[in-house]
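**Q** Have a look at the structure that comes next, please.
The values are calculated or read from the model by the stated rules, or taken from the named source; none is laboratory data. Since we're looking at a predicted model, the values are computed, not measured. Here the Cβ positions follow ideal geometry from the backbone for every residue, glycine too, while neighbour counts run over all protein chains shown. In case anyone asks, the SASA skips ligands and DNA or RNA and just uses the protein heavy atoms, side chains included. Shrake-Rupley method; radii C 1.70, N 1.55, O 1.52, S 1.80 Å.
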Amino acid sequence: MRSWGQSVAPGMAASDHSKNRGQSSSGTPSPTSAPTAVVNRPLSVATFGRVTTTDPAAATDTGSTIYALNVFQRLMTVQVGSAALKPDAATDCWYIDEITYSCGIRKNLSFTNGNDLTASDVKFSIERARTLAVPGSSARLLDNIADMIIPEDDEWRIDFKLKQHDRSFGYALASPAASIVDEEVYKANEPWP
């Protein structure tokens, strides 16, 4: 199998590292501050397959899955090199009773368009993946959810009421279908074009 970079997300910001930045007049490196210029250019993701969709809720092939896992945040992620779960957009996730899995959401996260990432976006994204229910996607891993509640007294938490206890539910929140999308940009009942 061959791997190649595929430009799939125009408009992503990247730092401009000019050739002579950080060099004194004698040509030796000197301390500099972080680059300040922003250049819009495509994001390249190396995959083993063709990316057929950039919608994480509709990812069914290897290329699209790799894209979703590298571009979108999820509440949880699987640690590279092991099967251990670790928080991604979550501060932490835990069971508060046998069928309620609760996740705190990191503050000060935003989408590339500048919109804040909120618990409402998390709820929207997972409801959307379940509604679309694209055959062959990881949305089936979310079937055990009976309800999602954002507590009135804590807008930075979401509680997942499950149909039954599931010790591996955290892995469902690390799947491509659980990727968090901006509810102001994505449609609830249509895959991203």
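**Q** For the structure I just gave you, tell me whether residue 108 is at positive phi and under 17 Å from the mean Cα position of the chain (by Cα).
**A** Considered against the rule, which asks whether it is at positive phi and under 17 Å from the mean Cα position of the chain (by Cα), residue 108 comes out as yes.
**Q** Any idea how many residues of the stretch 124-144 are surrounded by fewer than 17 Cβ atoms within 10 Å (Cβ to Cβ) and of a type outside the set (Lys, Arg)?
**A** 6
**Q** May I ask you to say which residue of 81, 63 is of a type in the set (Gly, Ala, Ser), more than 15 Å from the chain's Cα centre (by Cα) and open to solvent by 10 Å² or more (accessible area, probe 1.4 Å)?
**A** Criteria check complete, one pass: 81.
**Q** If I go through the stretch 162-193 residue by residue, how many of them are of a type in the set (Asp, Glu) and open to solvent by 60 Å² or more (accessible area, probe 1.4 Å)?
**A** 3
**Q** Where in the stretch 1-117 are the strands (runs of 3 or more DSSP E), entirely inside, with at least 1 residues that are out of contact with any Leu (no Cβ under 6 Å at 6 or more places or on another chain), farther than 30 Å from residue 190 by Cβ and at pLDDT 95 or above?
**A** Where strands (runs of 3 or more DSSP E) fall fully within the stretch 1-117 and carry at least 1 residues being out of contact with any Leu (no Cβ under 6 Å at 6 or more places or on another chain), farther than 30 Å from residue 190 by Cβ and at pLDDT 95 or above, they are 85-87, 90-97, 100-105.
Here's the yes/no breakdown for (1) of a type outside the set (S, T, N, Q); (2) touching a Lys or Arg at 6+ places or on another chain (Cβ under 6 Å):
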{"position": "83", "(1), (2)": "yes, no"}
{"position": "108", "(1), (2)": "no, no"}
{"position": "175", "(1), (2)": "no, no"}
{"position": "183", "(1), (2)": "yes, no"}
{"position": "188", "(1), (2)": "yes, yes"}
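**Q** From the list 147, 159, 121, which residue is outside any loop (DSSP other than H, G, I, E, B), charged (D, E, K, R), at pLDDT 95 or above and buried (at least 19 other Cβ atoms within 10 Å of the Cβ)?
**A** Matching residue, one of 147, 159, 121: 121.
**Q** Given the condition over 16 Å from the mean Cα position of the chain (by Cα) and under 19 Å from residue 91 (Cα atoms), answer yes or no: does some residue in the stretch 136-148 qualify?
**A** Yes - at least one qualifying residue is present in the stretch 136-148.
**Q** Cβ-Cβ distance below 7 Å, separation of 6 or more or different chains: which pairs start in the stretch 95-115 with a residue that is more than 13 Å from residue 160 (Cβ to Cβ) and end on one that is among the aromatic types (Phe, Trp, Tyr)?
**A** Taking only residues 6 or more apart or on different chains, the pairs are 107/156.
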